[in-house]
Structure formats: structure tokens, C-alpha cells
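Encoded as C-alpha cells, the structure appears first; notes follow it.
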Amino acid sequence: MSTVSVTSPSAANTAVSTTGTLTTPLKDVVQDLPLPAIGEPVIEVQNLTKRYGRNIVHQHLNLEIRRGEIVTLVGGSGSGKTTLVRQILGLEQPTSGTIKMFGEDIATIGAEQARLMRTRTGMLFQQGALFSSLTVFDNIAQPVRELGKVPPDLLRDIVMLKLEMVGLPCKHASKMPAALSGGMIKRVGLARAIVLEPELLFLDEPTAGLDPRSSDEVVDLISTLHRALGLTVVLVTHDLDAMVALSTRVAVLAERRVLVAAPVEEAASVDHPFIREYFLGMRGRRALQALPPERRAKLPPAALASAAVGCKPG
Ligand SMILES: Nc1ncnc2c1ncn2[C@@H]1O[C@H](COP(=O)(O)OP(=O)(O)OP(=O)(O)O)[C@@H](O)[C@H]1O
Ligand SMILES: [Mg+2]
């Protein structure tokens with residue numbers, strides 16, 4: 001049986017045996033690794049405007065995301081988070097402005113280059129993560145099959161390794177999506193998103209609809225994959241705990257643009273009504289308590305007011 005290599009950090013390779021299975025849980029292998037170094041810009045959105053008829057979703061929006069970052073897009077429902085991701089992926093056309101991915105203007109690249117770029121990115125969609133008529137195996141294999149003919153043994157190794165990387169036993173490979181729990185569906189969606197070992201991963205609401213324990217497990221998994229594969233991650237979420245746990249920076253969408261893109265503690269310090277409500281409301285303050293002490297010390301005083309449930313002053 002052929003060896004399946006995991007690209008990037010050597011630590012990920014050490015966890016892969018010659019039979020294409022993980023000998024040690026990936027989480028244990030990567031937990032002492034430093035976070036991926038922040039590198040060159042991989043996404044540059046400049047002066048972006050997007051309108052649907054009279055509805056202006058983005059206006060003069062700017063955002064830069066660098067290699068190795070986990071940038072979380074937050075904003076109210078309808079603020080344009082999914083629309084922004086869809087434009088970056090080339091699934092929607094901007095009304096005006098430019099979007100560069102890996103240094104290339106996505107509006108001017110040819111079909112072959114666009115196809116290559118797609119193989120360098122993975123996506124977990126907000127809606128309909130899996131094809132309901134395909135098994136778990138076939139769902140994960142689908143992006144590989146799209147590339148062309150792959151020997152069955154190699155395909156099996158690739159899919160089984162990805163299943164293990166997301167913490168699912170191989171016995172689930174033959175199941176249909178309807179037989180899976182919500183947390184398992186997200187894991188399979190993640191396995192499919194990383195099957196081509198992308199450099200750039202887009203995750204739209206990866207913890208939505210999960211119970212707190214499954215949410216924590218998915219957050220852990222994203223953190224592990226980020227370290228193991230040296231990924232750049234664009235995360236869209238309403239889950240404040242996930243945002244605090246994972247983000248190297250938070251990009252706040254409001255007023256049709258990115259108000260601020262900065263580490264959580266800096267973003268929370270910006271004086272703006274949406275930011276006050278989002279970060280300094282009770283849910284926000286509770287989530288911010290999970291920051292390490294040296295970062296909590298940089299929060300505005302209002303963020304440190306008690307966030308305990310039912311806690312009354314006095
Ligand atoms: N294909 C479309 N045609 C027309 N309007 C659209 C389309 N897609 C999105 N919109 C509009 O664009 C705006 C932004 O939608 P989007 O789905 O990006 O918001 P969001 O921030 O992802 O919201 P949520 O947090 O609820 O997922 C909304 O007003 C939505 O109605
Ligand atoms: Mg959305």
C-alpha cells in the first residue's frame with residue numbers, strides 16, 4: 001500500500017505510518033508545535049463594492065489576510081460575510097474593486113489557473129455540507145475524483161487518512177450522511193475540505209447547530225489542522241467562544257465594510273456601537289474571559305465587568 005504524505009510541517013508526517021494511517025492522534029503530535037508563522041498576503045481585497053439591485057452589501061471594503069493566520073469574519077446576520085467569502089472564491093462577481101488570491105487578480109486569471117487555485121483552497125459551506133446521496137467515502141473523495149483518474153488504492157488511502165485526521169473511525173466511511181450526527185457531518189465536511197491538502201481553508205459557520213461539546217471538539221480540530229498543515233483559515237462564525245479560541249485576528253463587518261481587522265482584544269477596544277454590543281455585551285464578555293491573562297489585560301475596562309449569569313451588581 002502506498003504512503004500518503006501530509007504536506008508542510010514534518011511533524012504531521014511523523015504521525016503517518018507507511019500504511020497511510022495515523023499512529024498517534026494528530027492533536028497529540030501537534031500540541032507542542034508553535035503556531036504557523038505569519039507570512040505574505042494570500043488574500044487581498046481592495047476597494048470592493050457588491051450590490052444586489054438596490055441592496056449595497058459591501059462598499060469600499062478592504063481586507064488583507066496573510067499566510068498562517070486564522071481570520072474570523074464577524075458581523076450581524078446579513079452583513080455580507082458569506083457574500084464576501086463567495087466573491088473571494090470566485091462564486092460571485094464583485095460589482096467593483098479587486099480581489100487577489102495568492103498574489104493573482106482572480107478576475108483576470110485564465111480557466112486553468114482558476115482550476116489550480118481551487119485545488120489550493122478548501123471550503124466548508126454554511127448550508128448543505130454534504131451530498132445526501134453519496135456515502136461518507138464518496139463525499140470526501142469527490143474533490144480528488146474531479147481532478148482526474150486516481151488509482152483506487154491511493155484514493156482509499158487519501159480518504160481514510162483524512163477521516164482519521166478529523167477524528168472519525170474508518171468504519172463510518174460507508175455510511176450515508178443521514179446516519180450521522182451533526183458533529184460528525186461537520187467533521188466529514190472538514191475532511192472533504194482538506195482532502196486536497198489546501199493552503200487556504202474557508203469555514204462558514206463550522207460550529208452552527210452543534211451542542212457545546214461537539215462545538216468544542218470542532219474548535220479543537222480546526223486548531224489542530226491549522227498547526228498540522230500550516231493552514232491559513234478564513235472563519236465565519238457567530239460563535240463567540242470559537243472566535244476567541246481560534247482567531248489570530250478578527251475582521252468586523254459593519255456599515256458595508258471591514259470596521260477593524262485586529263487581534264480580538266484590539267478589535268474589542270474600538271469605539272463603535274456594533275463593537276460595543278457584540279464584544280462588550282454579556283455573551284461577549286463571557287467569551288473574552290477565555291483569553292490568556294496578558295491579552296485580557298489589553299481589553300477595555302467595560303469588557304472586564306462581571307459576565308457571570310444572573311450576577312447583579314451590589
Ligand atoms: N444571491 C443573492 N441575491 C440577492 N441578494 C443576496 C444574494 N446573496 C446574498 N444576498 C443579500 O446580501 C446580504 C448579505 O448576505 P450574506 O448571506 O452574505 O450575509 P451573512 O453576513 O453571511 O449573514 P448570516 O450571518 O445570516 O449568514 C443580505 O442582504 C442578502 O439578502
Ligand atoms: Mg452567512
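Within segment 157-187, the set of residues being among the acidic types (Asp, Glu) and within 20 Å of the chain's Cα centre (by Cα) comprises Glu164 only.
Checked across segment 59-72, the condition of being crowded, with 20+ Cβ neighbours inside 10 Å, within 13 Å of ligand 1 (Cβ to nearest atom) and at pLDDT 85 or above holds for at least one residue.
One line per residue, one yes/no per condition, for (1) at pLDDT 95 or above; (2) out of contact with any Asp or Glu (no Cβ under 8 Å at 6 or more places or on another chain):
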position	(1), (2)
Leu22	no, no
Lys27	no, no
Val30	no, yes
Pro36	no, yes
Val45	yes, no
Lys50	yes, no
Ile56	yes, yes
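Comparison of Glu69, Glu92 shows that the only residue that is more than 14 Å from ligand 2 (Cβ to nearest atom) and of a type outside the set (S, T, N, Q) is Glu69.
State whether one or more residues within segment 187-197 are more than 16 Å from ligand 2 (Cβ to nearest atom), within 30 Å of Met101 (Cβ to Cβ), in the same structural domain as Leu235 (by TED's automatic domain parsing) and of a type in the set (Asp, Glu). Yes, segment 187-197 has at least one match. Of everything listed in (1) among the hydrophobic types (A, V, I, L, M, F, W, C); (2) under 19 Å from Gly182 (Cα atoms); (3) within 16 Å of ligand 2 (Cβ to nearest atom); (4) out of contact with any Leu (no Cβ under 6 Å at 6 or more places or on another chain), the single unmet condition for Leu203 is (4).
Count of segment 52-94 residues, restricted to those that are farther than 24 Å from Thr224 by Cβ and in contact with a helix residue (DSSP H, G or I) (Cβ under 6 Å, 6 or more places away or on another chain), is 4. Cβ separations smaller than 6 Å between residues 6+ apart or across chains give the following pairs from segment 78-104 residues that are touching a residue at least 60 places away in the same chain (Cβ under 8 Å) to residues that are part of a loop (DSSP other than H, G, I, E, B) and within 16 Å of ligand 2 (Cβ to nearest atom): Lys81/Gly75; Thr82/Gln126.
With the requirement that a residue be crowded, with 19+ Cβ neighbours inside 10 Å and near ligand 1 (Cβ under 9 Å from one of its atoms), what does segment 46-57 give you? Write out each step before concluding.
So the first thing to find is which residues in segment 46-57 are crowded, with 19+ Cβ neighbours inside 10 Å, and the list is 48, 50, 57.
Passing the criteria: Lys50, Val57.
I need the full set of residues from segment 219-240 which are buried (at least 19 other Cβ atoms within 10 Å of the Cβ) and either closer than 19 Å to Arg283 by Cβ or not assigned by TED's automatic domain parsing to the domain that holds Lys81 (or both), in order please. Residues satisfying the conditions are Val219, Leu235, Val236, Thr237, Asp239, Leu240. For Thr83, the criteria (1) within 16 Å of ligand 2 (Cβ to nearest atom); (2) within 25 Å of Val166 (Cβ to Cβ); (3) not aliphatic (A, V, I, L, M) hold in every case but one, which is (2).
Output the residue which, of all residues in segment 209-255 that are within 14 Å of ligand 1 (Cβ to nearest atom), farther than 18 Å from Leu291 by Cβ and among the β-branched types (Val, Ile, Thr), is nearest to the chain's Cα centre (by Cα). This residue is Val234. Quick one: in segment 142-171, which of the residues that are surrounded by fewer than 19 Cβ atoms within 10 Å (Cβ to Cβ) and not in a helix (DSSP H, G or I) is modelled with the highest pLDDT? Step by step, filter segment 142-171, then rank; the result is Pro151.
With respect to (1) within 16 Å of ligand 2 (Cβ to nearest atom); (2) under 21 Å from Thr248 (Cβ atoms), the lone exception for Gly76 is condition (2).
Considering only residues that are in a loop (DSSP other than H, G, I, E, B) and of a type in the set (Ser, Thr, Tyr), look in segment 103-141 and name the one that is nearest to Val233 (Cα to Cα).
Taking segment 103-141 and keeping what is in a loop (DSSP other than H, G, I, E, B), we get 103, 106-110, 120, 125-135.
Among the residues that remain, those that are also of a type in the set (Ser, Thr, Tyr) are: 108, 132-133, 135.
Working: Thr108: 24, Ser132: 26, Ser133: 29, Thr135: 27 Å.
Result: Thr108.
The values are calculated or read from the model by the stated rules, or taken from the named source; none is laboratory data. Since we're looking at a predicted model, the values are computed, not measured. Positions of Cβ are backbone-derived with ideal geometry, glycine not excepted, and every protein chain shown enters the neighbour counts.
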